[in-house]
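The values are calculated or read from the model by the stated rules, or taken from the named source; none is laboratory data. Note that the structure is predicted; figures quoted are calculated from it, not measured. A quick note on method: Cβ atoms are made from the backbone with ideal geometry, for glycine too, and the neighbour counts reach across all protein chains shown.
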Amino acid sequence: MKKCIVIGGGIAGLTSAAYLSNKGSHVTLLESSPKLGGRAYSFIDKYANDDIDNGQHILMGCYADTLKFINLIGAKDNFIYQNSLQVNFLKRGEGEIKLKALGQLYPINLLAALLSYKAVTFQERLSIIRFMLKLPFVSQRKIKNMNVKEWLKLENQSEVVVNSLWQIIAVGALNTSIDKASASIYRSILLKIFYKGNFASTIILPKYCLSQSYVNNAVDLLERNKGIVKLSSIVEELVVSENKIIEINTSNKSYKDFDFVVSAVPFYSLKKFLLEKILDRNIDFEYSSILNIHIWLKNNPLTEEFYGLINSPAHWIFNKRSHINLVISDANYLMEKSAEEIYEMCLQELTLFTTVSESDVQNYKVVKEKRATFIPTNKILNSRPSSKTKISNLFLAGDWIDTGLPSTLESAVKSGRMAAENVIAS
Ligand SMILES: Cc1cc2nc3c(=O)[nH]c(=O)nc-3n(C[C@H](O)[C@H](O)[C@H](O)COP(=O)(O)OP(=O)(O)OC[C@H]3O[C@@H](n4cnc5c(N)ncnc54)[C@H](O)[C@@H]3O)c2cc1C
């Protein structure tokens, strides 16, 4: 039996722990904070006296690794699945505009959905279809050094098309502006969403808060497999001897009895206790923030699960029934603003886009996640490290390692699975 220590209890660490323990390894999971989930966690809100999430998380049908993990931990029924792509957009002065595909006739259903997307003119819809049809044939070499904005300009996508579709996808999936995000990674996510079958383009939402939707199931599986979870255990030092980690020192205990270590902490945490021993390159990540604004209403007039807002600083509204949750991605520019200022801005958008008014509001809570995701620039995408390291018994996981994906749950889960497979193969 292999004895493994997994450092970090975000979704990457939970994935590694689940796969390793399912293959018969004995796993100890060390997590620095008093709770699991990392950047996708829940906490009790005092006002609501209920769990809410640090941020709404969206999965997609193309999240193959995440869906496999959810199945593995028995959490499949904790998510809401669409039969086919449907997003309800709200546009000022025009009300609700649907981007909706039929449940069959893939890929014609997706093309038809784009052709009837009324946020743009018919001519503009044709330019979207032309762009989509060209997508698989675009040479990677040609767009290698471009950002998304430069690429869309080259492909004659008008400003209205960019604002009404491409930017919404880019900000949602890459959490950064189109003038920073790499065109190559954008192309690869568009291919994954639109070219991998009908289900790939669908949106999947957690049915409950994140801890109930996936964290608790992952812990149950680990504990059934005799794994151990140690919370409030900050890894401070990894002692390396003869190219092997021989000791792990945490804030409260020292560990020596293990064969393999998976580090599933973010790049900025790894830097504190190990980095220079495993990475030659001088890499550094830039981060992008996400704001979630939870608003409790006397009467909630919203009927759909979620809405995308066109041309608004607030990008999405999620309908939690008990309350609503606005999401602002790419939010570095708002991080210094007070919770009240952010709420006032969101309230203004709500009154412009919906029938909600100030007198409906009972309470609100603003959650700021400063380093929500790394910014997928061309420079950083070319220097992400792989799971294997120079140290023979150490493997890396985390959404930032070289998975070919942006900083998402899917990247984190894929990295966790890859690290576990590397341990199993060693
Ligand atoms: C508000 C928000 C909204 C998001 N929305 C989406 C979305 O809709 N869809 C999507 O796909 N992705 C989304 N993401 C991104 C997604 O949450 C992350 O990509 C993913 O959770 C990263 O998981 P991870 O396990 O790699 O890292 P983390 O979640 O950061 O986990 C790392 C863990 O390591 C622990 N740790 C750090 N240092 C130490 C140490 N020294 N010792 C022990 N433990 C340590 C941390 O406490 C943490 O628990 C969102 C992120 C945020 C913040």
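Here's the yes/no breakdown for (1) more than 16 Å from G308 (Cβ to Cβ); (2) crowded, with 21+ Cβ neighbours inside 10 Å:
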{"site": "I70", "(1), (2)": "yes, yes"}
{"site": "G74", "(1), (2)": "yes, no"}
{"site": "D77", "(1), (2)": "yes, no"}
{"site": "I80", "(1), (2)": "yes, no"}
{"site": "A119", "(1), (2)": "no, yes"}
{"site": "F137", "(1), (2)": "yes, no"}
{"site": "K142", "(1), (2)": "yes, no"}
{"site": "L152", "(1), (2)": "yes, yes"}
{"site": "V161", "(1), (2)": "no, yes"}
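In region 11-45, the qualifying residues are those that are small (G, A, S) and under 20 Å from N249 (Cα atoms), and the one that is farthest from the ligand (Cβ to nearest atom) is A17. In the set G55, G61, G37, only one residue is in contact (Cβ under 8 Å) with a residue 40 or more places away in the chain and more than 30 Å from Q362 (Cβ to Cβ); that residue is G61.
Only residues that are more than 13 Å from I185 (Cα to Cα) and not in a helix (DSSP H, G or I) were counted across region 119-138, and they come to 3. Taking the conditions (1) under 30 Å from K46 (Cα atoms); (2) free of Cβ contacts under 8 Å to residues at least 60 places away in the same chain; (3) surrounded by 14 or more Cβ atoms within 10 Å (Cβ to Cβ) in turn, K271 satisfies each one other than (1). Within the set I248, I204, the sole residue that is within 15 Å of the ligand (Cβ to nearest atom), under 27 Å from I189 (Cβ atoms) and either assigned to a strand (DSSP E or B) or over 20 Å from the mean Cα position of the chain (by Cα) (or both) turns out to be I204. Applying the criterion of being in a strand (DSSP E or B) and either away from the ligand (no atom under 11 Å from the Cβ) or farther than 19 Å from F194 by Cβ (or both) to the residues of region 46-70, the residue that is nearest to the chain's Cα centre (by Cα) is D53.
Conditions (1) touching a Gly at 6+ places or on another chain (Cβ under 7 Å); (2) surrounded by fewer than 19 Cβ atoms within 10 Å (Cβ to Cβ); (3) part of a loop (DSSP other than H, G, I, E, B), marked per residue:
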site: E304; (1), (2), (3): no, yes, yes
site: E336; (1), (2), (3): no, yes, yes
site: E341; (1), (2), (3): no, yes, no
site: S359; (1), (2), (3): no, yes, no
site: K370; (1), (2), (3): no, yes, no
site: K414; (1), (2), (3): no, no, no
site: R417; (1), (2), (3): no, no, no
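Taken over region 384-403, the criterion of being away from the ligand (no atom under 14 Å from the Cβ), in contact with a Leu (Cβ under 9 Å, 6 or more places away or on another chain) and not in a strand (DSSP E or B) is satisfied by S386, T389, K390, I391. Here L350 clears all of (1) exposed (fewer than 12 other Cβ atoms within 10 Å of the Cβ); (2) modelled with pLDDT of 95 or more except the condition numbered (1). Being away from the ligand (no atom under 16 Å from the Cβ) and buried (at least 16 other Cβ atoms within 10 Å of the Cβ) is a property that holds for Q86. The single condition among (1) more than 18 Å from the chain's Cα centre (by Cα); (2) surrounded by fewer than 18 Cβ atoms within 10 Å (Cβ to Cβ); (3) in the same structural domain as S127 (by TED's automatic domain parsing) that F194 does not meet is (2).
Here is a list: T377, T373. Which entry is under 18 Å from the mean Cα position of the chain (by Cα), more than 16 Å from the ligand (Cβ to nearest atom), touching a residue at least 12 places away in the same chain (Cβ under 8 Å) and on the phi < 0 side of the Ramachandran plot? When all the criteria are applied, what remains is T377.
The single condition from (1) out of contact with any Leu (no Cβ under 9 Å at 6 or more places or on another chain); (2) more than 10 Å from the ligand (Cβ to nearest atom) that L309 fails is (1). Exactly one residue out of N216, N299 is away from the ligand (no atom under 14 Å from the Cβ) and surrounded by fewer than 14 Cβ atoms within 10 Å (Cβ to Cβ), and it is N299.
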